[in-house]
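K.L.:
Got a structure here, written out as structure tokens. Questions coming.
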Amino acid sequence: MTLLSRDLTIGVVGAGVMGSGIAQVLAVAGYKTVCCDIDEQALTQGREHVTTGRYGLDRAVEREKLTSEEAASALSRLQFTTDLDLVAASDLVIEAVPENIDLKINIFRDLDQRAPQATILASNTSGLSINKIAAATSRPELVVGWHWASPAPVMALAEIIRTPTTSESTIATVSEVAQACGKNPVVVNDFPEVWGFVANRIYFAMIAEANQVVADGVATKDQVDQIMVDCFRWPAGPFGMVRGATKGWS
Ligand SMILES: NC(=O)c1ccc[n+]([C@@H]2O[C@H](COP(=O)([O-])OP(=O)(O)OC[C@H]3O[C@@H](n4cnc5c(N)ncnc54)[C@H](O)[C@@H]3O)[C@@H](O)[C@H]2O)c1
């Protein structure tokens with residue numbers, strides 16, 4: 001049985017912006033999903049994001065992306081809990097806690113001790129070393145990066161990050177699940193010396209240069225945006241992208 005047989009369980013650690021969105025996508029794709037957080041209020045908010053949030057199930061029904069039956073069925077597959085053991089018992093666990101290497105290493109150590117031997121452990125880190133996280137476990141071949149973009153229910157990104165020890169079957173399974181979620185998996189290599197993989201390294205380099213152009217008095221922010229849209233057919237310029245990424249796309 002592969003993870004594509006939708007009877008299997010996927011766990012998500014962290015019910016914040018990313019964790020709740022990821023859990024929603026997995027449940028909509030047909031996976032039994034359990035999402036945990038240490039904070040009861042985060043769990044309540046996470047459930048609200050999934051149901052009544054801007055990218056939640058109610059809006060998806062209003063916009064005819066899902067039928068009300070599909071939304072109800074997805075919700076019935078999704079459980080929120082404070083119990084890490086329920087998440088650790090899954091076949092695949094996706095970690096989405098704050099971007100702090102010590103916190104992530106502790107959680108992976110903990111999951112490694114609690115989870116069945118075959119459980120795959122994935123991190124949604126934006127750019128921390130997957131190799132360092134994998135080295136904290138006794139199963140580095142089952143540790144992989146799976147970087148999502150926000151909002152998870154909308155964005156197609158599935159940056160799958162492999163380390164020298166990640167097994168082919170781990171990559172294949174996670175890529176298949178990403179595809180089943182309607183995402184476009186692209187497998188890239190971990191590079192521990194630098195924060196970020198592909199999307200964030202290039203994004204932040206571009207933002208830094210755009211800021212420098214403005215600081216040098218070459219152009220205003222609006223001019224930079226207009227030039228980049230006109231020259232490269234980008235949907236938004238660098239400053240427009242920052243606005244969209246932080247305040248939502250209109
Ligand atoms: N926000 C984004 O746009 C975005 C995009 C891609 C990747 N990421 C990455 O996703 C990860 C999560 O980001 P976020 O924006 O969802 O953060 P967030 O702060 O919204 O959510 C993190 C959640 O983790 C919970 N948490 C903390 N410690 C925990 C523990 N020990 N066990 C269980 N839950 C715990 C917190 O209570 C919180 O609810 C980060 O690594 C971030 O870099 C974020």
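K.L.:
If you go through segment 78-89, how many residues are more than 15 Å from G56 (Cβ to Cβ) and out of contact with any Pro (no Cβ under 9 Å at 6 or more places or on another chain)? Walk me through it before giving the result.
P.N.:
From segment 78-89, those more than 15 Å from G56 (Cβ to Cβ) are 79, 81-89; that's our starting set.
From what's left, out of contact with any Pro (no Cβ under 9 Å at 6 or more places or on another chain): 79, 81-87.
So the answer is 8.
K.L.:
Still on this model: Run A180 past the list (1) at pLDDT below 95; (2) of a type outside the set (S, T, N, Q); (3) in the same structural domain as L66 (by TED's automatic domain parsing) and report the number of the one that doesn't hold.
P.N.:
Against the list (1) at pLDDT below 95; (2) of a type outside the set (S, T, N, Q); (3) in the same structural domain as L66 (by TED's automatic domain parsing), A180 comes up short only on (1).
K.L.:
Can G30 be described as more than 16 Å from the ligand (Cβ to nearest atom) and either in a helix (DSSP H, G or I) or over 17 Å from the mean Cα position of the chain (by Cα) (or both)? Can you show your working first?
P.N.:
Values: more than 16 Å from the ligand (Cβ to nearest atom): yes; either in a helix (DSSP H, G or I) or over 17 Å from the mean Cα position of the chain (by Cα) (or both): yes.
The answer is yes for G30.
K.L.:
Given the options L66, L121, name the one that is crowded, with 16+ Cβ neighbours inside 10 Å, in a strand (DSSP E or B) and without any contact (Cβ under 8 Å) to a residue 60 or more places away in the chain.
P.N.:
Values: L66 fails: in a strand (DSSP E or B).
Going through L66, L121 in turn, the sole match is L121.
K.L.:
Right, another one. Which one of these does N100 not meet: (1) under 22 Å from A156 (Cα atoms); (2) surrounded by fewer than 15 Cβ atoms within 10 Å (Cβ to Cβ)?
P.N.:
So N100 meets the others, but not (1).
K.L.:
Kindly list the number of the only condition in (1) acidic (D, E); (2) under 17 Å from R201 (Cα atoms); (3) out of contact with any Leu (no Cβ under 8 Å at 6 or more places or on another chain) that fails for E141.
P.N.:
E141 satisfies all of (1) acidic (D, E); (2) under 17 Å from R201 (Cα atoms); (3) out of contact with any Leu (no Cβ under 8 Å at 6 or more places or on another chain) except (2).
K.L.:
Further, regarding this structure: Could you please find all residues in segment 151-160 being within 12 Å of the ligand (Cβ to nearest atom) and either open to solvent by 60 Å² or more (accessible area, probe 1.4 Å) or modelled with pLDDT of 95 or more (or both)?
P.N.:
Step one: filter segment 151-160 for residues within 12 Å of the ligand (Cβ to nearest atom), giving 151-152, 154-155, 157-159.
A152, V154, M155, L157, A158, E159 - these are the residues of segment 151-160 that are within 12 Å of the ligand (Cβ to nearest atom) and either open to solvent by 60 Å² or more (accessible area, probe 1.4 Å) or modelled with pLDDT of 95 or more (or both).
K.L.:
Are there any helices (runs of 4 or more DSSP H) wholly within segment 147-250 with 2 or more residues that are in contact (Cβ under 8 Å) with a residue 24 or more places away in the chain, and if so which? Write out each step before concluding.
P.N.:
Details: elements: 168-180, 199-215, 221-232, 238-247.
Counting at least 2 such residues, we get 168-180, 199-215, 238-247.
K.L.:
While we're here: Tell me which residues, restricted to segment 69-100, are without any contact (Cβ under 8 Å) to a residue 60 or more places away in the chain, part of a helix (DSSP H, G or I) and under 19 Å from V17 (Cα atoms).
P.N.:
A74, L75
K.L.:
Check whether at least one residue in segment 65-85 is within 15 Å of the ligand (Cβ to nearest atom), among the aliphatic types (A, V, I, L, M) and touching an Asp or Glu at 6+ places or on another chain (Cβ under 9 Å), and report yes or no. Break it down stepwise before answering.
P.N.:
Filtering segment 65-85 for residues within 15 Å of the ligand (Cβ to nearest atom) gives 79-85.
Cutting the leftovers down to among the aliphatic types (A, V, I, L, M) gives us 84.
Subsequent filtering for residues that are touching an Asp or Glu at 6+ places or on another chain (Cβ under 9 Å) retains 84.
Yes.
K.L.:
Identify all residues within segment 125-147 that are touching a strand residue (DSSP E or B) at 6+ places or on another chain (Cβ under 6 Å) and either open to solvent by less than 10 Å² (accessible area, probe 1.4 Å) or within 12 Å of the ligand (Cβ to nearest atom) (or both); write none if there are none.
P.N.:
Within segment 125-147, I130, I133, A134, V143, V144, G145, W146, H147 meet the criteria.
The values are calculated or read from the model by the stated rules, or taken from the named source; none is laboratory data. Values in this document were obtained by computation on a predicted structure and should not be read as measured data. Cβ sites come from the backbone with ideal geometry, for glycine too, and all protein chains shown count toward neighbours. Side chains included, ligands, DNA and RNA excluded: accessible areas come from the protein's heavy atoms. Shrake-Rupley method; radii C 1.70, N 1.55, O 1.52, S 1.80 Å.
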